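As structure tokens, the structure follows; a few thoughts come after it.
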Amino acid sequence: MNEDKCHQIHVGSDKGICPKLNVHNSIMPKVSADKYLGSIVSDESQNKKDIESRISKGMGYITQIMIILEEVCFGQFYFDTAVLLRESIFINGMLSSIEANYGLINDDIEKLEILDRILLRKILSAHSKSPSESLYLELGLIPVKFIIIARRLNFLHYLLNLKDDELLHKFFKAQLEFPNKNDWIVTAQENLKHIGMSIDGIKHKSKGKFKKELKKKIRIAALKYLLDISERHEKMDNLKYKQLKLSLIHI
């Protein structure tokens, strides 16, 4: 690999145990953070810098989407188009490879959801006091936290079906047999339990069958989550939702 692309990151307080590493004929430079497969890896073993990077990208995606919606006339397909742009540009761009992140905490996810709600309010021209759950219920959308869960569990299914001699599978199996606090597998198992699934129940399912079942369970869990929140807001008393479905037509 090129020397400029090789960096050494030490995670932990005792940096003296790290030997000098060489790349070609040069000493590999030490850095506190670097980009790897689209994510920011930090010596703090936290996701703060990665989340900041994703938020910065997300702001740019919001601007890009709103320019498209404002400059092109989509007529009655305005909201359909907005939903597609959110998924293809905003969600896929901002959440790229996030399913593999370790130790994502609620505060990290909430920062991404705040950005998502900014986009939805712009699409709907909604007042800042409008209940946030109404944005998702009216557009038939799944909140970011459930999208992350779905991506993480799809990655889990992929890991479960790797060949036993593959390095990634060996690493995953070690976590599965000897889990520690905040391990990726611990979060994945909590997600499975939340939507009523288990590792044994998904391991031998085909990719297509698993994705179909997961999508259904995620939408059910997301709808329940949104309806539970709506019960605490008087503004939502007269609005009834039985499924996550786009219910708006742009005139």
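The values are calculated or read from the model by the stated rules, or taken from the named source; none is laboratory data. On a predicted model such as this, the values are computed, not experimentally measured, just so you know. All Cβ positions, glycine included, derive from the backbone under ideal geometry; neighbour counts span all protein chains shown. Protein only, heavy atoms only, side chains kept; ligands, DNA and RNA dropped before computing areas. Shrake-Rupley method; radii C 1.70, N 1.55, O 1.52, S 1.80 Å.
For region 21-34, the candidate set comprises residues that are part of a strand (DSSP E or B) and touching a helix residue (DSSP H, G or I) at 6+ places or on another chain (Cβ under 8 Å); within that set, the residue that is farthest from ILE98 (Cα to Cα) is SER26. For the residues GLU190, GLU231, the requirement of being closer than 30 Å to ALA126 by Cβ and free of Cβ contacts under 8 Å to residues at least 40 places away in the same chain singles out GLU231.
Here CYS6 meets each of (1) without any contact (Cβ under 8 Å) to a residue 24 or more places away in the chain; (2) more than 30 Å from SER125 (Cα to Cα); (3) surrounded by fewer than 12 Cβ atoms within 10 Å (Cβ to Cβ); (4) not β-branched (Val, Ile, Thr) with one exception, condition (3). The residue that is farthest from ALA100 (Cα to Cα), among those in region 155-209 that are of a type in the set (Val, Ile, Thr) and open to solvent by 20 Å² or more (accessible area, probe 1.4 Å), is ILE199. I need a count of the residues in region 70-110 that are of a type outside the set (A, V, I, L, M), open to solvent by less than 70 Å² (accessible area, probe 1.4 Å) and more than 17 Å from the chain's Cα centre (by Cα). Here the count works out to 6.
Only residues that are of a type in the set (S, T, N, Q) and either within 13 Å of LEU112 (Cα to Cα) or open to solvent by less than 30 Å² (accessible area, probe 1.4 Å) (or both) were counted in region 59-69, giving 0.
Filtering region 10-30 to residues that are under 27 Å from ARG54 (Cα atoms) and open to solvent by 70 Å² or more (accessible area, probe 1.4 Å) leaves VAL11, SER13, LYS30.
Restricted to helices (runs of 4 or more DSSP H) entirely inside region 47-130, those with at least 3 residues that are of a type in the set (S, T, N, Q) are 48-71. Has region 183-199 got any residue that is more than 19 Å from the chain's Cα centre (by Cα), of a type in the set (A, V, I, L, M) and not in a loop (DSSP other than H, G, I, E, B)? Yes, the conditions are met somewhere in region 183-199. When region 9-47 is filtered for residues that are in contact (Cβ under 8 Å) with a residue 40 or more places away in the chain and under 18 Å from LYS111 (Cα atoms), the ones remaining, listed by number, are SER39, GLN46, ASN47. In region 31-58, the residue that is farthest from ASP183 (Cα to Cα) out of those that are open to solvent by 90 Å² or more (accessible area, probe 1.4 Å) and modelled with pLDDT of 85 or more is GLU52. Which residues, counting only those in region 210-251, are open to solvent by 80 Å² or more (accessible area, probe 1.4 Å) and at pLDDT 90 or above? LYS211, LYS212, LYS215, LYS216, ILE220, LYS224 - these are the residues of region 210-251 that are open to solvent by 80 Å² or more (accessible area, probe 1.4 Å) and at pLDDT 90 or above.
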